[in-house]
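Okay, so here's the structure we're looking at.
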Amino acid sequence: MRIVLAASALALAPASAFAVDYLSAEQAAKLMFPDADRFESREVTLDAAQMQTLAAQGVPARSARWPVRVAQRAGATLGFVVVDNVVGKFELITYAVGIGTDGAVKQVEILSYRESHGHEIRLPAWRKQFVGKTAGSPLHVGDDIANISGATLSCTHVTDGVKRIVAVVDLARRNGALG
Amino acid sequence: MITSAAYRHWTRRARPLLGTLVEVGVPAGITDGEALVRAAFAAIADVQACLSRFDADSELSRFHALAPGQSMPVGMHAATVLQAAQQLHDASDGLFDVSLGSAPRGWRCDGHRLHKLDAAVRLDLGGIAKGYAVDSAVAALQSAGCDSGWVNAGGDLRVFGEVALPLSLRDEAAGGVRPLATLHDGALATSHFGAGSRSHAHARHAVRAHVSVAAPQCLWADALTKLVAISGDPHHPELDRHGARAWTH
């Protein structure tokens with residue numbers, strides 16, 4: 001074991017932003033459904049009544065429009081992949097949820113993690129730059145492998161988001177919107 | 001001389017587990033890298049399934065459902081963590097207490113048998129099991145032939161092999177990160193204690209800041225941060241026993 005403390009660890013150096021890109025949405029979809037030969041893009045649009053149904057289930061839909069990748073093999077549906085963002089105290093997390101045809105969660109992968117100064121994260125423009133982006137985003141940290149310690153980071157927002165996506169996909173399937 | 005990141009490229013994956021984000025890093029371009037990563041996450045999910053107090057089917061939840069005087073068999077995960085917790089409790093005059101004051105003497109783990117001695121006992125392994133889960137994931141990577149990499153469970157992390165991992169510390173008050181340390185072949189746990197921190201037991205802690213502990217094993221790095229925080233002693237004799245060093249900052 002060898003540990004070298006940074007000079008700034010015990011002093012108050014200025015804090016900087018932090019970002020990691022793990023996977024693109026396409027890479028995550030292929031990891032989750034390696035047998036798929038095609039991913040068809042669909043958009044699930046929820047009407048007011050459906051939004052109310054979800055809210056009554058305790059998972060407010062937050063958005064009326066949900067892009068869904070439908071994993072297919074030889075025309076048969078293998079499952080669904082939905083990408084979403086959640087905002088925590090100082091972090092913005094993009095994640096993908098893979099759902100099987102039985103409606104159960106198959107896999108959850110974090111696509112990117114952005115740690116910001118507190119003031120940035122509430123700005124829509126700061127958040128918007130990451131939507132739909134992962135690899136190659138403006139804050140890409142290249143080959144830096146830095147890790148965060150002391151991140152008392154809760155994944156409650158991600159867990160809640162996964163539940164919301166499961167409910168949205170379930171509703172869309174029952175309505176025939178996902179074939 | 002190991003010169004950190006430039007040595008080789010890495011495949012990094014992250015998933016929500018253990019109530020936080022868990023990151024696994026393995027060398028990029030190796031055969032079956034994705035299978036290695038899956039094995040590491042599976043090891044963590046396995047520990048979580050046994051030791052979570054939120055999961056009604058976990059061994060911990062089944063222990064809570066026992067009547068006083070009853071006992072149950074437990075697997076390797078629970079036996080390892082509970083015996084370590086018992087040892088640290090005894091060596092710290094009760095400062096380290098996974099019963100969180102509910103009944104420190106209300107349980108006993110003999111080998112793979114867990115006894116309930118007091119109806120009031122409630123165990124919370126949040127202060128030690130995350131580190132153990134990291135050790136388990138590292139063991140899974142190593143036994144699958146991975147020569148270097150790291151596992152980070154929301155601040156409890158371990159790095160092995162030929163890599164010096166740069167670590168940053170999150171600013172809990174204003175966001176952003178600051179350089180903290182570079183770690184090679186060992187574990188580091190950092191906990192933040194104070195108002196607004198995730199530790200609900202902070203009122204008991206003598207230290208109201210960050211405590212970092214480096215140790216060969218993540219189980220001990222994790223558990224000893226709590227002991228240092230509660231005792232207020234970064235030179236507590238238990239650190240030496242586990243090859244650990246502590247800092248408050």
Of the residues in segment B:55-83, how many are exposed (fewer than 13 other Cβ atoms within 10 Å of the Cβ) and hydrophobic (A, V, I, L, M, F, W, C)?
4
Of the conditions (1) within 22 Å of B:Asp135 (Cβ to Cβ); (2) within 14 Å of chain A (Cβ to nearest Cβ), B:Ser92 fails just one. Which one is it?
(2)
Tell me the strands (runs of 3 or more DSSP E) entirely within segment A:62-119 that contain at least 3 residues that are crowded, with 22+ Cβ neighbours inside 10 Å, out of contact with any helix residue (DSSP H, G or I) (no Cβ under 7 Å at 6 or more places or on another chain) and on the phi < 0 side of the Ramachandran plot.
A:105-115
Could you tell me whether segment A:42-60 includes any residue that is free of Cβ contacts under 8 Å to residues at least 12 places away in the same chain, in contact with a strand residue (DSSP E or B) (Cβ under 9 Å, 6 or more places away or on another chain) and surrounded by fewer than 20 Cβ atoms within 10 Å (Cβ to Cβ)?
no
Can you pull out every residue in segment B:33-42 that is closer than 13 Å to B:Asp147 by Cβ and either in contact with a His (Cβ under 8 Å, 6 or more places away or on another chain) or touching a residue at least 24 places away in the same chain (Cβ under 8 Å) (or both)?
B:Leu36
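Yes/no per residue for (1) facing chain B (nearest Cβ under 10 Å); (2) at pLDDT 90 or above:
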position: A:Leu10; (1), (2): yes, no
position: A:Pro14; (1), (2): yes, no
position: A:Val20; (1), (2): yes, no
position: A:Leu23; (1), (2): yes, yes
position: A:Pro34; (1), (2): yes, yes
position: A:Asp37; (1), (2): no, yes
position: A:Thr45; (1), (2): no, yes
Scanning segment B:154-188 residue by residue, the ones that are hydrophobic (A, V, I, L, M, F, W, C), within 7 Å of chain A (Cβ to nearest Cβ) and not in a strand (DSSP E or B) total 1
Being touching a residue at least 24 places away in the same chain (Cβ under 8 Å), under 30 Å from B:Pro237 (Cβ atoms) and of a type outside the set (Asp, Glu) narrows it down to one residue among B:His77, B:His64; which is it?
B:His77
Scanning segment A:25-61 residue by residue, those closer than 30 Å to B:Val37 by Cα, assigned to a helix (DSSP H, G or I) and in contact with a Lys or Arg (Cβ under 8 Å, 6 or more places away or on another chain) turn out to be A:Ala25, A:Ala29, A:Met32
Does segment B:97-127 hold any residues that are acidic (Asp, Glu) and in contact (Cβ under 8 Å) with a residue 24 or more places away in the chain, and which are they?
B:Asp118, B:Asp124
Only residues that are in contact with a Lys or Arg (Cβ under 9 Å, 6 or more places away or on another chain), over 24 Å from B:Gly243 (Cβ atoms) and either modelled with pLDDT of 95 or more or assigned to a loop (DSSP other than H, G, I, E, B) (or both): list them for segment B:198-220, please.
B:Ser199, B:Ala201
From the option list B:Gly131, B:Gly127, single residue qualifying as touching a strand residue (DSSP E or B) at 6+ places or on another chain (Cβ under 7 Å), within 18 Å of B:Gln87 (Cα to Cα), within 14 Å of chain A (Cβ to nearest Cβ) and of a type in the set (Gly, Ala, Ser) is B:Gly131
In this structure, is B:Ile30 more than 10 Å from chain A (Cβ to nearest Cβ), under 22 Å from the mean Cα position of the chain (by Cα) and β-branched (Val, Ile, Thr)?
no
Do the conditions hold for B:Val138, that is, is it without any contact (Cβ under 8 Å) to a residue 40 or more places away in the chain, more than 8 Å from chain A (Cβ to nearest Cβ), buried (at least 20 other Cβ atoms within 10 Å of the Cβ) and closer than 30 Å to A:Gly88 by Cα?
no
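The values are calculated or read from the model by the stated rules, or taken from the named source; none is laboratory data. None of these values were measured; they are calculated from a predicted model. Cβ atoms come from the backbone with ideal geometry, glycine included; neighbour counts cover every protein chain shown.
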